[in-house]
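A.B. asks: After the structure tokens below, expect a handful of questions from me.
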Amino acid sequence: MSFLDNWRRGGAPKFEAGGASYVVELTKRNPVISLTKQGAASGHLRVNLSWQMRTTDIGMRNSQRGGSLLRNPGKMFKPEVVQAQGPAVVKIDLDLACLYELKDGTKGVVQPLGNFLGDINAAPYVKLSGDDRFGSPSGETLYINLDHRDEIKRLLIFVYIYDGTPAFDRTHAVVTLYPSSGPRVEIGLDERAPQARSCAIFMLENNKGDLTVRREVKYVYGFQSELDRLYGWGLQWGRGYKSKV
């Protein structure tokens, strides 16, 4: 039975209510979701960044080269041109981070750089699990304590390329939100943004008791200070480095 026949017979795929089986993707057309209306404005909100360094283009390039040799045998004796920062290998260290502003005016950042990992039970009520430098399956995770939502004004979750090739569209990066109840929320970072080093992913805001998540996906060519200027945080920034592994 074909997919279309299955659809006509009423076999169209259905989402299951609640839990991780139901996924909402935030897009340009549908950029906002209310956690309050979803009944998910309490407990711990888990925000996960997953990504990988892509190497699959090597086989594709070799197969294309083989086809061209059949048409042009003379190429067998010519060395292949290797382009800098080509598609074969992408080495990238992505970091998940958060700019926070609390209702009492406290502002700051939670990020791997500088070991500012935050606190889940005290201000800023945001905790980073650690630093993934190699694109492991578990990625990096932020935990947000929404039981203290009345003390949170806004949180900007962002990603920056600490080291490596600026190529967001080739990392297969996805940010997934896991609320305490209701559907999980996904935001993909697959848009082409040549040379961009940072990306504002989403803003979590407390608007008169309504906790909303708004997709941003705004790429910038600098780092935290440029995102700060874009969103008016007003922090002071200095150069930072990670310890070598």
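A.B. asks: Using alpha carbon coordinates only, what is the Rg to Rh ratio of region 171-240, with Rh defined as the Kirkwood radius? Intermediate results must be reported in sequence, preceding the final value.
C.D. replies: On the way: Rg = 14.2 Å, Rh = 14.1 Å.
Result: Rg/Rh = 1.01.
A.B. asks: Hey, what do the phi angles of region 178-194 turn into as Karplus ³J(HN,Hα) couplings, whole Hz, using 6.51/-1.76/1.60 and θ = phi - 60°, x for Gly and Pro?
C.D. replies: Rounded to whole hertz, the list is 10, x, 5, 8, x, x, 7, 10, 10, 9, x, 10, 10, 7, 6, 8, x.
A.B. asks: Under the Karplus relation 6.51 cos²θ - 1.76 cosθ + 1.60, θ = phi - 60°, what is the ordered set of whole-Hz ³J(HN,Hα) values for region 31-39, x standing for Gly and Pro?
C.D. replies: Rounded to whole hertz, the list is x, 10, 9, 9, 5, 5, 5, 7, x.
A.B. asks: Once both labels are modelled 7 Å past Cα along the beta-carbon direction, what's the N115-Y22 spacing in nm?
C.D. replies: If labels sit at N115 and Y22, their model points lie 4.3 nm apart.
A.B. asks: Going by average Cβ density within 10 Å per residue, which order do the peptides 169-177, 202-210 take, highest to lowest?
C.D. replies: Values: 169-177: 20.0, 202-210: 15.7.
In descending order of packing, they fall as 169-177, 202-210.
Read-outs throughout are calculated quantities, based only on the coordinates presented, and are distinct from any laboratory measurement. Since we're looking at a predicted model, the values are computed, not measured. Every residue, glycine as well, gets a Cβ built from its backbone with ideal geometry; the counts of neighbours run over all protein chains shown.
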